Structures are given as C-alpha cells and as structure tokens.
Amino acid sequence: MEGQRWLPLEANPEVTNQFLKQLGLHPNWQFVDVYGMDPELLSMVPRPVCAVLLLFPITEKYEVFRTEEEEKIKSQGQDVTSSVYFMKQTISNACGTIGLIHAIANNKDKMHFESGSTLKKFLEESASMSPEERARYLENYDAIRVTHETSAHEGQTESSSPSSSQPHSSHCRTKASSLCHHASLPWVKRNHVGPAKATSPSLRLRRWRPFLRLPSLGLHSVAPNIDEKVDLHFIALVHVDGHLYELDGRKPFPINHGETSDETLLEDAIEVCKKFMERDPDELRFNAIALSAA
C-alpha cells in the first residue's frame, strides 16, 4: 500500500516563516534568502545563522553518490553525537517540513515558542523516539500535516481544483517540484564580471527573480498536483556539539561534515552546498535559505 503524500513546499522564506509561525514559533529567528556563495553575498545574510536548508535536484549522479557515501560510512564509520535530533522521511513531499523540524529541533535552546506551540509539543513528545519512530509519529500528527498543507497552498502550489490550472503571475521562487525544469532557477552559475573586476571573474550564484508574467516566457508558475512525481529535495545543515551535520530523511543516518562553530556555520554549510553543485555541474536547480537571528 502506497504511503502518504503531501503537497510540496516552496524554498521561500516567506512560506517557511509563516509555516513556523503557525506552528507556534516566535519569530526571533527567521529564514532568509542566500543569494550566492561569494563572501560579499554571504555577508548580506544576517548573523548569527543556526541552520541552512538546501534544495537540490535528485539526479542519477546524486543517487550514485548517495549509495557510495552510505556504503563508505557503513564500512569506515563516523562520529555522530547523541545530541543530534534526526528523523527519517516516510511521507512523500514532506522533506521541506522535515528539514524545518531538523533545523528547529537542533537549535531548540535558541528558540522561543508560543504557549501551546504545536511544534514544541511534537519535539518534546518525540525527543526519546528513534528516527523511524519519529517518522511514523509525524504520519499521524494532524496538526503539522494541516499546517503544511496550508503553507503549501499559500506558496502558490497547485491544488486539485480546476481553477488552479490557470497560469498566473509569480516571482519565480523555487518550488520543491519538477516545475523547476522550466522555471524558478534562483541560483544561476555565471562567470561574474562586475565593475572594475573584468579581469578577475569568479563563480557566482545569482538569485533570479524577475517581475514578469511567466506565461509570456512560455514558463509555468505553479507546482504540479499532489500525485505528480517530485525530483527536488530539502536537507538541513546544522551545528551540533562543534560539528556540522547534514540531516536528510532519505538517508539512514546524519552525515558528519567536520568541525564548525556558531560563527562559521554559514560558510561551512555553503562549502557542503558547493559539493552538491560540483557533482551536478549541468544542473541549475539549487537554492538555499538560512535561519538567522531576526
């Protein structure tokens, strides 16, 4: 029997922040866009940063790497502190919500929760569970599921209603869906030649968010419906006990990417993001948002 399937979330700070607010998180930390990997662009991100969410395409190259990485870690082992909160993903298209849970759960001491917070209640009740038990618990946690669905619709995700099939204006935000084959390419790899820098171009990622009606460009501005295959995926990058962890519910365990600190988390996380991009140099569908102090 097929498992649950949710509508995909956008990699969009407005959507994620509203989602977390509805789950009872006080906005003393907010998600913001990461516009590129150059130091000057990273300097635009408010500090401190306590987590980074990366949206990336699941390709054949990535799946080969994922299998090899898993076999290598199982063979050689790795150090993972018991303090890491990690859960598996058993719900299709729930990677955005699971990424947010990973980001907040591993920074719970920094967060302020409203009275009666749904997210705080879920984290407390699942604290002693295994990653698999947390996944099953989320499957039956209606308060989070309903909030996820609301946020997905607010992010201009296509529902099953007939009227939603009509194209409309959009800001080309990346959605966790296959529409990104055609539109929503917020991080575009370019040889950047800026004023007085023509002799020393550098690799830059630039946010592509034109204020144009997408239908005029032959593009699509809405995500697929709930039954359509999605090939983009969210992961969280967090700092726990002096190490940088990649948390991906499709993987059997957290991935330890080495030492980090509260001060260097953003730069260290972006180095991991670079590796994702280097493995798929022909892909453009990458996007990152950072959880920063408001």
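Please list, ordered by first then second residue, the pairs with beta carbon atoms under 9 Å, 6 or more apart or interchain, first in region 79-94 and within 12 Å of Glu132 (Cα to Cα), second modelled with pLDDT of 95 or more and of a type in the set (Phe, Trp, Tyr).
Sorted first by the residue in region 79-94, then by its partner, the pairs are Phe86/Tyr245; Phe86/Phe253; Met87/Tyr137.
So, in region 111-139, of the ones that are among the hydroxyl-bearing types (Ser, Thr, Tyr) and loosely packed, with under 13 Cβ neighbours inside 10 Å, which residue ends up farthest from Trp29 (Cα to Cα)?
Ser130
Among the residues of region 1-29, count how many are small (Gly, Ala, Ser) and not in a loop (DSSP other than H, G, I, E, B).
Looking only at that region, the number is 0.
Can you pull out the residues in region 243-288 that are open to solvent by 50 Å² or more (accessible area, probe 1.4 Å), within 21 Å of Asp33 (Cα to Cα) and either part of a strand (DSSP E or B) or of a type in the set (S, T, N, Q) (or both)?
Passing the criteria: only Thr264.
Return yes when Val32 is among the β-branched types (Val, Ile, Thr), touching a residue at least 24 places away in the same chain (Cβ under 8 Å), in a strand (DSSP E or B) and open to solvent by less than 70 Å² (accessible area, probe 1.4 Å) and no when it is not.
yes
If I filter region 78-87 for residues that are surrounded by fewer than 18 Cβ atoms within 10 Å (Cβ to Cβ), touching a His at 6+ places or on another chain (Cβ under 8 Å), in a loop (DSSP other than H, G, I, E, B) and not hydroxyl-bearing (Ser, Thr, Tyr), do I get at least one hit?
yes
Name every residue in region 52-72 that is open to solvent by 20 Å² or more (accessible area, probe 1.4 Å) and either under 15 Å from Gly249 (Cβ atoms) or in a loop (DSSP other than H, G, I, E, B) (or both), in order of residue number.
Ile58, Thr59, Arg66, Glu70, listed by residue number.
The values are calculated or read from the model by the stated rules, or taken from the named source; none is laboratory data. Since we're looking at a predicted model, the values are computed, not measured. Reconstructed Cβ throughout: ideal geometry from the backbone, glycine too, with neighbour counts over all protein chains shown. The area values use the complete protein model at the heavy-atom level, side chains included, leaving out ligands, DNA and RNA. Shrake-Rupley method; radii C 1.70, N 1.55, O 1.52, S 1.80 Å.
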